[in-house]
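Right, one structure below, let's go through it.
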Amino acid sequence: MRKITLIALMLPIISFSQNKFAQLEQLLPTPNEYRNAAGAPGHNYYQQQADYKINVTLNDEEQKIIGKETITYTNNSPDVLEYLWIQLDQNIRSKDSDSKLISVEKMEDFRSLRNIKKKMLDFDGGFKIEEITSTSGHGMKYFINKTMLRIDLDKPLAANSSISFNIKWWYNINDRSKLGGRSGYEYFKENDNYLYTIAQWFPRMCVYNDVEGWQNKQFLGSGEFALPFGDYEVSITVPSDHVVGATGVLQNENSVLTSEQRNRLKKAENSDFPILIITQTEAEEVEKNKSQGTKTWTFKAKNVRDFAFASSRKFIWDAQGVKVGGKNIMAMSYYPKEGNPLWERYSTKLVAHTVKTYSKYTVDYPYPVAISVHTNRIGMEYPMICFNGGRPEADGTYTERTKYGMWGVIIHEVGHNFFPMIINSDERQWTWMDEGLNTFVQYLTEQEWERDYPSRRGPAHLITNYMRGDKSNISPIMTNSESIWQFGNNAYGKPATALNILRETVMGRELFDYAFKIYSERWKFKHPTPADFFRTMEDASAVDLDWFWRAWFYTTDHVDISLDEVNWFQLNTKNPKIEKGTAREVNKNEQQFISQIRNKESIKETVNELDSDIDDFYGSRDIYEVDAIDNSEYNTFKSSLSTDDLELLNSGKQFYELKLSNIGGIPMPVILEFTFEDNTTEIIRIPAEVWRKHEEKISKVFFFDKKVSSILLDPFLETADTDINNNSWPEKQVPTKFDLFKSGRSSENPMQRDLRLKELSKKQ
């Protein structure tokens, strides 16, 4: 124990260099009339509109899409446009696609025949543009630059004016099992049927805005899509025994649905549980034969940024109503029998739950339908419709991992309706603005679906392995989509975790939820940028978060705060009875060194023990004895103190000086749990600003009425600290956890094992 007479006020050496706590002004664009300093749309904010009227035919014999579209493009900008840019995303599958040429490969990537066949597959992909004409039928000049098409206008498009033109095109649909991809078809060999999930299927207008002019970055595969809003009318011609689910509202249900299906659909509107529109028995009957005729399904969708659809004769279809913001939304699922029993039991309920929960945290879901379509393995999102994996075994059993995988992907992809389909960020540039924000709200939605849901992303401690990894294989969050290392961790996991830390630890739930909802409301049906998000979160909360954005989003630093040293102090009361008594106890309990211990055994008697003349005054006095002078001096000292000072000296306060280091580079709040000798605890939360002038090392002094037995840093695993072995006093090592794998482990899933046990039980 160390004793001091008084506690000195120590003035730290102030460092004037700023790093993480520097403001972000030099990194963010200057506010202007289009986007103001508060993070809101400015008084002259504008965005373009692209309306589509499309007629498309799905050729089920040749797996081909044939279409013609009329685009009406409205220039709401103050600029005169000399040309228009259009996305040709299917061209990523062209034989001369850049995405094939720029992939870095090693022979070890081709150790499987499947990968070799995929590389060697000769697929004639990409859009075949047959013609582009004005509405009067005149040909328009255009040029194709890989995944982008430029239309050269005869007359520049003036501000606040519109132009309409036609595009005629077709392309071959890819087999997802062989070529992968966000859309395509799945072939079911058993009964020679196809399930089509069709997206990026028509030439689409690029975004033109105040930030970068035309967003015409080439599509290389990772960066998704930047799209303007518009109104759609789409007529889809398919085999007459196909069922189609699509973005928007079906306009001709009397022509394509039976009276029984229409009645079931009507019943589902007011049902709080899924109603089967097409049963499994009915779907199985239809898929036995192929119709030779066709039907045209027509859908309309207002104020959407894209359009996708799914078509198959294999579809089971169910639906239920969901009340959000005074509106009734139809939650629906389309799935083949191969998706059951999982899909019939869960899909539409998950859609309904997701729509309600996201609406609570962001904006009320504005569209009339929300659809989940079953596919094998993929997950992909579009307005009002998404394609989701999660397939049971052929015998109907499934693993827990399959179940949670299905739950998670449906929540995630339905959630994408909000980010980026409504809050319409630029996915081609900033993946985290849709995937990261969406994964964060996915985490909140999962936790409201099942208590202690085993979410893969969101909780701070789940990102630590990634953040402490090799920095040469990690990107800052603020990295262009096509240049990101470790896509899932960087664009999904880390931003979702950062937002969860903001909500739970830095801002608190009330402030965060309010600011996050303000951001969502401000930018619904608009095009936000990272700066708009950063500024809104600060503007609506009165919390300076520049240090947080800088550390978490602009660097590859990690969190590792170390509790380096703890020093214990007590006040010197000057009372000789107390102080000398304490000193006597300290001396009595002082740790002995090895020679002292052995000398007691080996030296029977010392000289001074044998000769009484050896010891003098100093050899015989009791230095811990309280004498009259001690008492007199203490009485004089007491008389110089006020009642308050004397009370403080005798209070028995225990002082603890903690020294901490920021090893990882990211400053974070310091959360400390003090455990006292009586086993009670106290939590103290220190804001991250404690690091503002000392970014590497700080010290803090705490005082208590009781003695501290232990101290734990980050006791609730909320800061993403990558090394918890330096978080304890006294030092406590946390054992490493290893995943154990058994060779020759049975491939039988737990449900199959349970079925076998039941069979054995019957036999016995």
Close pairs (9 angstrom Cβ cut-off, 6 or more residues apart or separate chains): on the phi > 0 side of the Ramachandran plot in the range 49-71, part of a loop (DSSP other than H, G, I, E, B) and surrounded by 17 or more Cβ atoms within 10 Å (Cβ to Cβ) anywhere: Gln63/Ile173; Gln63/Asn174
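Yes or no: Lys95 of a type in the set (Lys, Arg), open to solvent by 70 Å² or more (accessible area, probe 1.4 Å) and out of contact with any Pro (no Cβ under 6 Å at 6 or more places or on another chain)?
On the way: of a type in the set (Lys, Arg): yes; open to solvent by 70 Å² or more (accessible area, probe 1.4 Å): yes; out of contact with any Pro (no Cβ under 6 Å at 6 or more places or on another chain): yes.
Criteria met by Lys95.
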For the range 651-739, which fully contained strands (runs of 3 or more DSSP E) count at least 2 residues that are open to solvent by 70 Å² or more (accessible area, probe 1.4 Å) and without any contact (Cβ under 8 Å) to a residue 40 or more places away in the chain? 681-686
Result of the Cβ filter at 8 Å on the range 409-437, keeping first residues that are within 22 Å of Phe219 (Cβ to Cβ) and of a type in the set (Gly, Ala, Ser) and partners that are open to solvent by 10 Å² or more (accessible area, probe 1.4 Å) and assigned to a loop (DSSP other than H, G, I, E, B), at least 6 apart or interchain, is Ser425/His527; Ser425/Thr529
Which pairs turn up if I take residues in the range 454-472 that are small (Gly, Ala, Ser) and look for partners that are in a loop (DSSP other than H, G, I, E, B) and open to solvent by less than 60 Å² (accessible area, probe 1.4 Å) with beta carbon separation below 9 Å, at least 6 apart in sequence or on another chain? Ala460/Asp714; Ala460/Glu718; Ala460/Thr719; Ala460/Ala720
Do we have any residue at all in the range 572-587 that's open to solvent by 80 Å² or more (accessible area, probe 1.4 Å) and either at positive phi or among the acidic types (Asp, Glu) (or both)? yes
A careful count of residues in the range 442-477 that are among the hydroxyl-bearing types (Ser, Thr, Tyr), open to solvent by less than 50 Å² (accessible area, probe 1.4 Å) and more than 20 Å from Ile410 (Cβ to Cβ) gives 3
Looking only at the range 251-260, count how many residues are touching a residue at least 40 places away in the same chain (Cβ under 8 Å) and surrounded by 13 or more Cβ atoms within 10 Å (Cβ to Cβ). 3
Does the range 221-230 hold any residues that are assigned to a loop (DSSP other than H, G, I, E, B) and over 20 Å from Ser94 (Cα atoms), and which are they? Ala226, Leu227, Pro228
From the option list Gly230, Gly181, single residue qualifying as under 30 Å from Tyr492 (Cα atoms) and at pLDDT below 95 is Gly181
Can you pull out the residues in the range 272-291 that are under 40 Å from the mean Cα position of the chain (by Cα) and surrounded by 13 or more Cβ atoms within 10 Å (Cβ to Cβ)? Pro274, Ile275, Leu276, Ile277, Ile278, Thr279, Gln280, Glu282, Ala283, Glu284, Glu287
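Can you tell which of Tyr358, Tyr365, Tyr404 is open to solvent by less than 10 Å² (accessible area, probe 1.4 Å), aromatic (Phe, Trp, Tyr) and free of Cβ contacts under 8 Å to residues at least 60 places away in the same chain? Even if it seems obvious, please write down each step before you answer.
Numbers: Tyr358 fails: free of Cβ contacts under 8 Å to residues at least 60 places away in the same chain; Tyr404 fails: open to solvent by less than 10 Å² (accessible area, probe 1.4 Å).
Exactly one of Tyr358, Tyr365, Tyr404 is open to solvent by less than 10 Å² (accessible area, probe 1.4 Å), aromatic (Phe, Trp, Tyr) and free of Cβ contacts under 8 Å to residues at least 60 places away in the same chain, namely Tyr365.
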Long-range neighbours under 7 Å by Cβ, at least six apart or interchain, first residue more than 24 Å from Asp705 (Cβ to Cβ) within the range 636-649, second in a helix (DSSP H, G or I): none
Could you please give the count of residues in the range 180-216 that are among the acidic types (Asp, Glu) and either on the phi > 0 side of the Ramachandran plot or crowded, with 23+ Cβ neighbours inside 10 Å (or both)? 1
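List the helices (runs of 4 or more DSSP H) inside the range 480-599, counting only whole elements, that have at least 3 residues being within 28 Å of Glu427 (Cα to Cα), among the hydrophobic types (A, V, I, L, M, F, W, C) and without any contact (Cβ under 8 Å) to a residue 60 or more places away in the chain.
Values: elements: 494-501, 509-523, 530-539, 546-553, 576-588.
Passing ranges, in order: 509-523.
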Residues of the range 200-220 that turn out to be hydrophobic (A, V, I, L, M, F, W, C), part of a strand (DSSP E or B) and over 13 Å from Asp426 (Cα atoms), as a count: 1
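The values are calculated or read from the model by the stated rules, or taken from the named source; none is laboratory data. Since the model is a prediction, treat every value here as computed from it, not as a measurement. We place every Cβ from the backbone using ideal geometry, glycine too, and count neighbours over all the protein chains shown. The protein model used for the area step is the full one, side chains on, heavy atoms only, and it has no ligands, DNA or RNA in it. Shrake-Rupley method; radii C 1.70, N 1.55, O 1.52, S 1.80 Å.
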